[in-house]
Amino acid sequence: MNLLVNGDAEQGSGGTAEPVGQVVGWGVRQGAPALVGYDVGDGYPTPDDPGPAGGAAGGRFFSGGNSPLTTLVQEVALPASGTTGRGAVDAGRVRYVLSGWLGGYAGQEDGVRLSVEFRDRAGTPLALSVLGPVTAGERGHATAMLERRAEAAVPPGARSAHVQLSFTRTGAGTSNDGYADAISLSLAASGRHS
């Protein structure tokens with residue numbers, strides 16, 4: 001189960017290349033993202049470009065809009081009870097998977113970084129995983145999104161997760177062509193006994 005709200009850019013306003021002021025489920029910390037439709041064209045990813053299976057069925061993806069740096073964040077409270085609750089976390093029996101499809105435009109190095117930082121009840125960072133950015137070389141200098149994922153144990157004492165998408169424009173032009181879709185954070189009981 002994905003703990004993130006609107007990890008697929010489908011909810012709320014958007015659908016064009018125009019930046020939006022708010023994104024359902026996410027806090028806009030910097031810049032102004034765009035929730036671009038796969039049908040927009042004009043060089044943006046289409047259903048024919050490499051990306052998430054069925055991405056076009058969903059219809060939209062995240063982009064950095066026209067800001068040099070665009071940052072979206074989501075704070076996730078970890079479950080209090082159950083097989084992935086606090087007792088299991090503190091016993092080292094919960095694993096997480098952070099995943100997303102990350103990419104960019106043609107030969108440009110604009111990109112996006114996806115990270116999760118686990119924090120204790122006081123907000124102190126305990127562990128960090130970072131995915132991306134996917135380089136133009138990794139994309140074969142083509143417009144594409146590639147899947148990236150990280151999996152590890154949730155650190156004992158963790159009570160929340162700070163998830164961040166950071167889109168960076170590196171070259172000329174006005175568009176921040178870092179792209180992301182199908183962003184997910186999930187937990188699973190590892191079955192390891194202490």
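Just so you know, all these numbers are worked out from the coordinates, no wet-lab data involved. These numbers were taken from a predicted model, which means no experiment stands behind them. Glycine also receives a Cβ, built like all others from the backbone with ideal geometry; neighbour counts cover every protein chain displayed.
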Task: Compactness index (Cα Rg / 2.2 N^0.38 Å), the stretch 75-114 - done: 1.87
TODO: Within the chain, what's the longest run with no trypsin sites (Lys or Arg not before Pro) in a DSSP loop and at most 13 other beta-carbon atoms within 10 Å? Give the range, please.
DONE: 1-120
Open item on the list: Can you work out the Karplus-derived ³J(HN,Hα) for every residue in the stretch 18-29? Use 6.51 cos²θ - 1.76 cosθ + 1.60 with θ = phi - 60°, whole Hz, and x for glycine or proline.
Closed with: 6, x, 10, x, 9, 10, 3, x, 10, x, 8, 8
- [ ] Bin all alpha-carbon pair distances of the stretch 8-96 at 10 Å intervals from 0 and give each bin's fraction as a whole percent.
- [x] 16, 34, 24, 19, 6, 0
TODO: Give me the orientation-averaged projected area of the Cα convex hull of the stretch 96-194, in nm², one decimal.
DONE: 7.4
Task: Net charge, GLY104 excluded, C-beta distance under 14 Å - Lys, Arg +1, Asp, Glu -1 - done: -2
Task: Interchain or long-range residues, amide H under 5 Å from GLN30's placed H - done: THR71
Task: Sequence-distant residues sharing a close amide H with GLY51 (under 5 Å, placed H) - done: MET145
TODO: Please report the base-10 log of the normalised intensity I(q)/I(0) for the chain, using a Debye sum with one equal scatterer per alpha carbon and no solvent, at each q in 0.10 (1/Å).
DONE: -0.40
